[in-house]
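Student: Handing you this structure, nothing more for now.
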Amino acid sequence: MNRNIFLSLLLALFATGATRADNLKVEPAFWWSGMKETELQLMVYGENIGSFRPSVQYPGVRINSSVALESPNYLIVYLDVAEARPGKFDITFSSGKENRSYSYELKERKPHADQIEGFDASDVLYLIMPDRFANGNPANDQIPMRQEYKVDRTDPNARHGGDLAGIKQHLDYIEDLGVTAIWLNPVLENDMTGGSYHGYATTDYYRVDPRFGTNEEYAELIADAHQRGMKVVMDMIFNHCGSDHPWMKDIPSQDWFNHLDHYVQTNHDKEVYFDPYASDYDRDRMLNGWFVPTMPDLNQRNPHVAKYLIQNSIWWIEYSGVDGIRQDTYPYADKAMMRAWCEAVEREYPHYNIVGEAWMNYTIGSAYWQRGSRLDFEGDDSGLRTVMDFRLMGIASKAFHEEKSGLMTIFEHMCYDFVYPDISHVLRFLENHDTDRFLPAMPQTSEELYAFKQGLAFLLTIPGIPQLYYGQELLMNGTKAKSDGYVRLDVPGGWPGDSKDEFTAEGRNAVQNEAWDFLRTLLHWRKGNDVIAQGSMKHFMPDNGVYVYERRLGDRNVIIILNGNNEPTRLPLARYAEILQGKSTRTDILTGHAVSLGGDALELASKAVLILD
């Protein structure tokens, strides 16, 4: 490795703020005593450090092993810290007459640090792409990085300047809306040519991207959310890193990545796991191919890579108190390693929740990936507690915009919930950062809100964990036909000088305010509602374009009625006697109006949605 390149690398590494001595960098920069996993991996960076041998003189700490990699500038040290108490100690690295030292710290854990509850079906997640939500600190928009980039709000694919400060400044807005958990797209450093605004090309696993803020600001945001009774979910990526990660500048070993000798593109054939006819060729391309040329494929079968990634996620949980993890591209990484990761996290945090992105086009494929699946005929359990219902996302927009037959599509989709081992741990959504928006165009009148209202009423009253996407409440719309940037737009009012502020009622038009108020009413009713979070479901096959279903817990039930017709419809009630329970009057929580169920039929307005509590 050229000395100038190495020095440049060290200068870049120094920017992370970790403690260093003698031009060494150690990851993680500190750890905690009292963790259930007692072996700590330290990845040491430094010129020719691989030829040095470490030693430690500290009660309760001993060196299990040290591993020199193919690059002379890495050394991996495994420490046994089972009996170690909190404190600082020196690690001495010796080679002949030369010694280097590094001061390391084992911190004391916070009380009850292992009792994080995680997110569950009582929560509603609100997904935010930090670069596009709000710019609370313009001073970090254009700062020196290793790679050149530009902030340009006119370019949908450039950085726009949103940050953690902007999210923090709008916690009142998020809390008032009524969601209970915030999922942020990745916040770690993406020091990539062009800026990698989306965050999925990590270049430092222990550093928040400085254009978003600092590690401390991230932890403060989570603490502020906790003060408001809200949780935070962290987006992680184990399958790949960014091509400008220091590992790609000075490769630790040839088996650190897959297919380093020549580029192999993944075929995205996620079905190879259960396809009885899958070829070895297709399986290799799926598991070991690169996601895109700028995202090299990490080899999780390498035990040092696996340990690094597992330990990194535990470090972030312990450091920041983050309440859950969403793991990107879950099936693309090594399945055995991912299962070991899930198990390791749950050993440290027994009540934790991880949702994995397994983008499958059919329900049966999604269910395969959930822990305890009966579809895993090879007995190779994924260990993954929560999976994502991509099939619902795929059919929802068309179904809720169609007349009559659309609700039959939704009904048939729900019939297949039986394949999930745990339906309460299925993440449901109508749109996210990788998909077209649920709304193809902006509704112009109250009447045009029917799909929005029915879709969200359905999403928020069925079993599972619902997830909203920022701007959904503001009727953001469009497709990604040109690029992903068109479904990742800025929130008007999130930037100084914006001509309108849609974070306020005054900045929204009348139709937007109607949608916002509708969603707010629904979210606040859902919060703390055990019938929706824990109850059973019973539904009736749509008849004459009307879909009726019940959620029940004990002697309490909620009845949801969706009219798929473009005209008023008369709903005969005798068919639903088993859920009406003879009660003649119920309250529609959306309007506060009493609804009479004592007659033979119920008159429904066109495209009506009723939630009767």
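Student: Just to check your reading of the model, which residue among THR461, THR504, THR479 is surrounded by fewer than 16 Cβ atoms within 10 Å (Cβ to Cβ), in contact (Cβ under 8 Å) with a residue 40 or more places away in the chain and among the β-branched types (Val, Ile, Thr)?
Tutor: On the way: THR461 fails: surrounded by fewer than 16 Cβ atoms within 10 Å (Cβ to Cβ); THR504 fails: in contact (Cβ under 8 Å) with a residue 40 or more places away in the chain.
Only one candidate passes the filter, namely THR479.
Residue by residue, here is whether (1) part of a helix (DSSP H, G or I); (2) surrounded by fewer than 20 Cβ atoms within 10 Å (Cβ to Cβ); (3) in contact with a Lys or Arg (Cβ under 6 Å, 6 or more places away or on another chain); (4) of a type outside the set (A, V, I, L, M, F, W, C) holds:
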| position | (1), (2), (3), (4) |
| --- | --- |
| ARG146 | no, yes, no, yes |
| PRO156 | no, yes, no, yes |
| GLY162 | no, no, yes, yes |
| ASP191 | no, no, yes, yes |
| SER196 | no, no, no, yes |
| GLY199 | no, no, no, yes |
| ARG211 | no, no, no, yes |
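Student: Take the range 319-345 and flag every residue that is farther than 16 Å from MET234 by Cα and either open to solvent by 10 Å² or more (accessible area, probe 1.4 Å) or assigned to a helix (DSSP H, G or I) (or both). Let's see the steps before the verdict.
Tutor: The first filter runs over the range 319-345 and keeps only residues farther than 16 Å from MET234 by Cα, leaving 331-340, 343-344.
Answer for the range 319-345, where residues must be farther than 16 Å from MET234 by Cα and either open to solvent by 10 Å² or more (accessible area, probe 1.4 Å) or assigned to a helix (DSSP H, G or I) (or both): PRO331, TYR332, ASP334, LYS335, ALA336, MET337, MET338, ARG339, ALA340, GLU343, ALA344.
Student: Here's another thing I want to ask about it. I need the full set of residues from the range 516-541 which are in contact with a Ser or Thr (Cβ under 9 Å, 6 or more places away or on another chain) and open to solvent by less than 50 Å² (accessible area, probe 1.4 Å), in order please.
Tutor: Of everything in the range 516-541, those that are in contact with a Ser or Thr (Cβ under 9 Å, 6 or more places away or on another chain) and open to solvent by less than 50 Å² (accessible area, probe 1.4 Å) turn out to be LEU522, LEU523, ARG526, ASN529, ILE532, ALA533.
Student: Would you mind stating whether TYR218 is closer than 16 Å to GLU318 by Cα, aromatic (Phe, Trp, Tyr) and assigned to a strand (DSSP E or B)? Full working, then the answer.
Tutor: Working: closer than 16 Å to GLU318 by Cα: yes; aromatic (Phe, Trp, Tyr): yes; assigned to a strand (DSSP E or B): no.
It is false that TYR218 is closer than 16 Å to GLU318 by Cα, aromatic (Phe, Trp, Tyr) and assigned to a strand (DSSP E or B).
Student: Let me ask another. Out of (1) of a type in the set (Ser, Thr, Tyr); (2) assigned to a helix (DSSP H, G or I); (3) open to solvent by 10 Å² or more (accessible area, probe 1.4 Å); (4) under 26 Å from VAL272 (Cβ atoms), the odd one out for SER313 is which?
Tutor: Unmet condition: (3).
Student: So ALA577 fits all but one of (1) modelled with pLDDT of 95 or more; (2) open to solvent by 20 Å² or more (accessible area, probe 1.4 Å); (3) part of a helix (DSSP H, G or I); what number is the exception?
Tutor: (1)
Student: Which of the residues belonging to the range 380-404 are open to solvent by 10 Å² or more (accessible area, probe 1.4 Å) and in contact (Cβ under 8 Å) with a residue 60 or more places away in the chain?
Tutor: GLU402, GLU403, LYS404 - these are the residues of the range 380-404 that are open to solvent by 10 Å² or more (accessible area, probe 1.4 Å) and in contact (Cβ under 8 Å) with a residue 60 or more places away in the chain.
Student: If I go through the range 90-106 residue by residue, how many of them are closer than 21 Å to LYS307 by Cβ and either open to solvent by less than 20 Å² (accessible area, probe 1.4 Å) or out of contact with any Gly (no Cβ under 9 Å at 6 or more places or on another chain) (or both)?
Tutor: Of all residues in the range 90-106, those closer than 21 Å to LYS307 by Cβ come to 91, 93, 102, 104-106.
Those left that are additionally either open to solvent by less than 20 Å² (accessible area, probe 1.4 Å) or out of contact with any Gly (no Cβ under 9 Å at 6 or more places or on another chain) (or both): 91, 93, 102, 104, 106.
The total comes to 5.
Student: Report whether or not ALA181 is at pLDDT 95 or above, among the aliphatic types (A, V, I, L, M) and open to solvent by less than 10 Å² (accessible area, probe 1.4 Å). Explain how you work it out, then say what you get.
Tutor: On the way: at pLDDT 95 or above: yes; among the aliphatic types (A, V, I, L, M): yes; open to solvent by less than 10 Å² (accessible area, probe 1.4 Å): yes.
Yes, satisfied.
Student: Right, next: So how many residues does the range 57-77 have that are open to solvent by 20 Å² or more (accessible area, probe 1.4 Å) and not polar (S, T, N, Q)? Quick ask: steps written out before the conclusion?
Tutor: From the range 57-77, those open to solvent by 20 Å² or more (accessible area, probe 1.4 Å) are 57-60, 62-70, 72; that's our starting set.
So of that shortlist, the ones also not polar (S, T, N, Q) come out as 58-60, 62-63, 67-70, 72.
Summing the residues that are open to solvent by 20 Å² or more (accessible area, probe 1.4 Å) and not polar (S, T, N, Q) in the range 57-77 gives 10.
Student: Please list, ordered by residue number, the strands (runs of 3 or more DSSP E) wholly in the range 58-102 having 2 or more residues that are polar (S, T, N, Q) and under 12 Å from LEU42 (Cβ atoms). Walk me through it before giving the result.
Tutor: Numbers: elements: 62-68, 74-80, 87-95.
Passing ranges, in order: 62-68.
Student: Take the range 39-56 and flag every residue that is within 26 Å of GLU318 (Cα to Cα) and open to solvent by 50 Å² or more (accessible area, probe 1.4 Å).
Tutor: Here is the first cut: in the range 39-56, the ones within 26 Å of GLU318 (Cα to Cα) are 39-45, 56.
Result: GLU39, single match.
Student: Restricted to the range 164-178, and to residues that are open to solvent by less than 10 Å² (accessible area, probe 1.4 Å) and touching a residue at least 60 places away in the same chain (Cβ under 8 Å), which residue is farthest from PRO492 (Cα to Cα)? Before you say what the answer is, go through the steps one by one.
Tutor: Keep residues of the range 164-178 that are open to solvent by less than 10 Å² (accessible area, probe 1.4 Å), which gives 164, 166-167, 171, 174, 177-178.
Now narrow it down to the ones that are touching a residue at least 60 places away in the same chain (Cβ under 8 Å): 166, 177-178.
On the way: GLY166: 12, LEU177: 17, GLY178: 20 Å.
For the range 164-178, the residue satisfying everything is GLY178.
Student: Let me ask something additional. Can you tell me which residue in the range 580-607 is modelled with the lowest pLDDT, limited to those that are open to solvent by 60 Å² or more (accessible area, probe 1.4 Å) and at positive phi?
Tutor: The extreme case among them is GLY582.
Student: Right, another one. Just the residues that are open to solvent by less than 80 Å² (accessible area, probe 1.4 Å), closer than 21 Å to GLU403 by Cα and either aliphatic (A, V, I, L, M) or over 36 Å from the mean Cα position of the chain (by Cα) (or both), please, taken from the range 550-566. Give the derivation first.
Tutor: We begin by selecting, within the range 550-566, every residue open to solvent by less than 80 Å² (accessible area, probe 1.4 Å); these are 550-554, 557-565.
Pick out the ones that are also closer than 21 Å to GLU403 by Cα and you get 560-565.
Within the range 550-566, ILE560, ILE561, LEU562 qualify.
Student: Just to be sure before I move on: is ASN23 more than 36 Å from the chain's Cα centre (by Cα) and either modelled with pLDDT under 95 or among the acidic types (Asp, Glu) (or both) in the structure I sent?
Tutor: Working: more than 36 Å from the chain's Cα centre (by Cα): no; either modelled with pLDDT under 95 or among the acidic types (Asp, Glu) (or both): yes.
Here the answer is no, as ASN23 does not meet what is asked.
Student: Given the conditions (1) farther than 17 Å from ILE611 by Cβ; (2) out of contact with any helix residue (DSSP H, G or I) (no Cβ under 6 Å at 6 or more places or on another chain); (3) touching a residue at least 12 places away in the same chain (Cβ under 8 Å), and given that PHE418 satisfies all but one, which numbered condition is not satisfied?
Tutor: Status for PHE418: all satisfied but (3).
Student: Next question, about the same structure. Does ALA121 count as touching a helix residue (DSSP H, G or I) at 6+ places or on another chain (Cβ under 9 Å) and surrounded by 14 or more Cβ atoms within 10 Å (Cβ to Cβ)? Explain how you work it out, then say what you get.
Tutor: Details: touching a helix residue (DSSP H, G or I) at 6+ places or on another chain (Cβ under 9 Å): yes; surrounded by 14 or more Cβ atoms within 10 Å (Cβ to Cβ): yes.
Against the criterion (touching a helix residue (DSSP H, G or I) at 6+ places or on another chain (Cβ under 9 Å) and surrounded by 14 or more Cβ atoms within 10 Å (Cβ to Cβ)), ALA121 qualifies.
The values are calculated or read from the model by the stated rules, or taken from the named source; none is laboratory data. Not measured: the values here are computed from a predicted model. FYI the Cβ positions are ideal-geometry reconstructions off the backbone, even for glycines, and counts take in every protein chain you see. Areas reflect the complete protein model, heavy atoms only, side chains present, ligands, DNA and RNA absent. Shrake-Rupley method; radii C 1.70, N 1.55, O 1.52, S 1.80 Å.
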